[in-house]
Every structure is written in structure tokens, then in C-alpha cells.
Amino acid sequence: MKRRDLLKGMAMGGVAGVTGLGGFPGVWTGRNAAWAAGGDIPVGVLFSKTGAVAVVESTLHDACMMAIEEINDSGGINGRKIRPFVEDPASDPATFADRANRLVRRDKVVSIFGSYTSASRQAVLPIVEGQNNLYWYPTLYEGRECSRNVMYGGAVPNQQQQDFVPWLKEKFGGRFYLLGNNYVYPREENNVARKILKDIGGEVVNEEYVPLGHDSFSSIVSRIRREQPDVIFSTLVGDSDVAFQREYHGAGLDPEVMPVASLTRSEVEVKAIGGEAAAGHFSSAPYFMGHESAENEKFVEAYLKKYGKDQVTHFVNEAAYFQVYQFKAAVEALGSEQLTPSAIRDAAVGQRFMAPQGEIEIDGNLHTHLWPKIGQWQVNGQVKVLRDSKSRVAPEPYWAYEDQVCTAEGLQKV
């Protein structure tokens, strides 16, 4: 069977494709008994409010908590309130694992909402898989993962790079300088970028990685000036992205001839960078704050009212917000059935929700159908959308690896 045919078949399978999976019992057993109807619904909230990536991740916490508050204020889910157990893992993967273990074993949560980096997600993964819990991960990520214990709300490479890299080559040229932090997400995204560039006749002139939180880029900017790439393809996150862009701007480099094209830069980083330093550069994402829709107007208005008029929404905290509503829809669909992580997962598949970016859907592979966009940053810190998808794009977490596909049954060889 061809890979595309298999994907199509799994998409058609819908909810039926994930019910009754071997190894995923309907009753949550072990130290964590199923929660009976009538009590509060315990969930973990596991976002860093301190540390190297808190500049971004704290806003995911805020959006998640706002959604929980909205749901509780409107009567909860089937008459039950969501009870959040909040932990601050301080941007440290080992602390993420420790706090996730605490949430599952001590607090007996039925789901955890959490994290920004792939390093933190991968630290939590053995906990939720070992205890058969459910992790709602809102961030774009590198793909090549197919866990039945993670609900993936962010974009995978085909939803960001498939159109972005060819568009950049057409506009600016095919000589790319790859720059990212030193962990799994940037390295895997750059593997995908290399493959696309090879297929379209581009090239990588240099590839560099710096530690998370790295904030000194003078030597890298000097190398970029010498190399004169057409595009600086960035997967820097948090404080590193802010520091690099300020260094770039201070060095007088020109985005009209050598732009930074980022998979990770959002309104929150641009706010920290400053609009003038960020203007003229590009991001690929399924959501930008200026998107025009009734749902986004409501989301932005509520967020600014709660957290301050100087705050911004962005493509990761939008997902941190809508994933709570996806959780709500799944629990509502279960009705009086036992509330377990496995049951919540199965009920979530196929659920559609009118998110701020548009109507999204949870695929059988537990990733999300999204609305990719290419935007250019303006002096006011907002994006001018240059290219917008006309329909939802299905998630293919193994898009760059033609012999593998993530399905409702897990990872398959094709």
C-alpha cells in the first residue's frame, strides 16, 4: 500500500480507528483509579514560569488557565469543574519529568497540559506512557513521534516547511544558513529543511547550534556576514531568539537581502525583540494575533483583559488555549462513562473545534489539522500575512520519512 493511500484510509477511519486498541484499556488501572462522576476533574498544568524559555512558556500557562477559568465559570464539564494542579518546572527537562510524575502519582490527574520545548516533552513522555496518562502538548514540533499518550496541538514540519522553504528560495535564493538551539527540535527541523532544499536545488552553507538560553551571537553574526547566505533559517527559541535578532539588527544586516525566516518566532518574541529590529523578517505558523475571525477577536479581547493590554497572543498559546476546549469536548462526549486518560484520548479523536485560527480537528494519529500561514513582521510587532492556506492541512509527523507513517494504530512501516 502506498503511503498516501494509507494516510487517506486512516483519515477516513475517524474515531473507529482508535477505539479498542490493544494495550490501551478503557479502565485506568494501577495506582490511579478511574475518577467517578460527580467530583472535580483533576488536570495537571505543567508550564515553565521561570527559566530560559519562560518568556514564551509562561504565556502558555496563562492561556491554559484562562480556558480552564472560562469553562469553570460557564458551569464546568457535565456539571463538574476542572481542578488544575499547577507546577513550575523552571525550563529544566529533568524537573519536567519529576513534576509530571508527581502530578500523575500524587495528584492523580487524568491529563496534563504542558511544555514548550521538545526536550521537555520527551522528558515527560516516559512518565505518561509508563503510567498510561495523557499529555496535551500545544507546541509546534519536529515530528518523528507517534505516541498514543500525547495529544499534539502544534504544527509538524509539513504544516510549516512544505510551502515555506520553497517560497523563501523563490523570493530570496537557495543558500540557507541553519541556526538553532542544541536539542532535538532544531536538529530534526533542519534535517527536514535539508531534504526540501536538496529536492528543490538549494543548499546549506552552514549549520550551527547553541545551548538553550545562549545570548551572545556576535561571532555567529560575523560568520553570517562573511558567508552572505540568502536566508537565515532559524529554530532559536526564547531568550536566544531575542538575543540573536537584536545582534543581527545592531550589526546593520538587511532583511531585504538576508532575512531571518523562523519556525519559532511569534508575537511574544517580537515584543521582547522590539518591532523595529524584527521588521522585515518572516515566520511560518498556523496562527497570528491579527487573524480576523470572531473567535480570535473574542480570544484576544479576553486575554488582554485578563493579563494586560500590553500582552500578545501567538501560535503556541493559542494552541494551549484550544487544547483545553478539545479536552472539554472529549469529556462531554464521554457523558457518564468512566473518566480515564485512555477514554478521553479516544473520545477526542475526530473532534472539531472553532479555534481562533479557524476550525481545527484532531486526527486519528492524535495530531491536529491546522491552517498554515506565512507572515512578515511589521514595525508595530504584528504580522502581515503574505500566504494563507485555503483549507486545513492534515498533520503528517513522518512527512520527510517516506517509509514510515503515524496512524491511529501507531507507527507503521510502508
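Bear in mind these aren't lab numbers, they're just calculated from the coordinates by the rules spelled out. On a predicted model such as this, the values are computed, not experimentally measured, just so you know. Cβ sites come from the backbone with ideal geometry, for glycine too, and all protein chains shown count toward neighbours.
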Can you give the local net charge around D239? Use residues other than it whose beta-carbon is closer than 15 angstrom to its beta-carbon, Lys and Arg +1, Asp and Glu -1.
-2
Of the residues G202, V192, F217, the Cα lying farthest along the dipole of the stretch 173-225 towards its positive end, which is defined by charges on the beta carbon of Lys, Arg, Asp and Glu, belongs to G202
Cut-off 17 Å, label 7 Å out along Cα→Cβ of S218, residues of the stretch 244-284 by amide N
244-253
As I understand it, the dipole of the chain uses +1 on the Cβ of Lys and Arg and -1 on the Cβ of Asp and Glu, about the Cα centre. Which of Q351, S389, F244 lies farthest toward its positive end?
Q351
With equal scatterers on the alpha carbons only and no solvent term, can you work out the Debye log10 of I(q)/I(0) for the stretch 157-285 at 0.10, 0.11, 0.13, 0.22 1/Å?
-0.26, -0.32, -0.45, -1.46
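Given R₀ = 41 Å, FRET efficiency for Q382-A94 by Cβ-Cβ distance, to 0.05?
Details: r = 37 Å, r/R0 = 0.90.
E(calc), rounded to 0.05, equals 0.65.
Please count, across the stretch 157-285, the pairs of lysine residues with Cα atoms under 23 Å apart that sit 8 or more places apart or on different chains. List each step's numbers first, then the result.
Values: K169/K195; K169/K198; K171/K195; K171/K198.
Qualifying lysine pairs in the stretch 157-285: 4.
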Mark the label point 7 Å from the Cα of S293 along Cα→Cβ and return the residues of the stretch 146-188 whose backbone N is within less than 16 Å of it.
153-155
Work out the length of the dipole vector of the stretch 157-285 about its Cα centre, built from +1 on the beta-carbon of each Lys and Arg and -1 on the beta-carbon of each Asp and Glu, and round it to the nearest 20 debye.
260
Longest principal axis of the chain (C-alpha) makes with the long axis of helix 315-334 (C-alpha) an angle, in degrees to the nearest 10, of 20
Between the modelled labels at S74 and I200 (7 Å from Cα along Cα→Cβ) the distance in nm is 3.9
Treat every Asp and Glu Cβ in the stretch 80-162 as -1 and every Lys and Arg Cβ as +1, leave all other atoms uncharged, and give the resulting dipole magnitude about the Cα centre to the nearest 20 debye.
460
Starting from 0.36 nm per residue, how many nanometres of slack lie between S389 and L411 once their C-alpha separation is accounted for?
5.2 nm
Leading residue at positive end of dipole, the chain (Cβ point charges), from S293, Y183, G335
G335
The chain - charge dipole about Cα centre, Lys and Arg +1 at Cβ, Asp and Glu -1, debye rounded to 20
620
Along Cα→Cβ, 7 Å out, is where each label goes; now give me the distance between the ones at V257 and R352 in nm to one decimal.
4.9
Just to be sure I understand the model, the point goes 7 Å from the Cα along the line to the Cβ. What's the resulting V184 to E207 distance in nm?
1.8
Add -39500 (n - 2.57) for each DSSP H run of 4 or more in the chain, then divide by its residues: what number comes out at 222 nm, to the nearest 500 deg cm²/dmol?
-12500 deg cm²/dmol
Taking R0 as 22 Å, what FRET efficiency do you get between N101 and Q338 from their Cβ-Cβ distance, rounded to the nearest 0.05?
0.40
Quick one: Karplus J couplings for the stretch 258-268, per residue in order, coefficients 6.51, -1.76, 1.60, θ = phi - 60°, nearest Hz, x for Gly and Pro?
8, x, 8, 10, 10, 8, 10, 6, 10, 4, 6
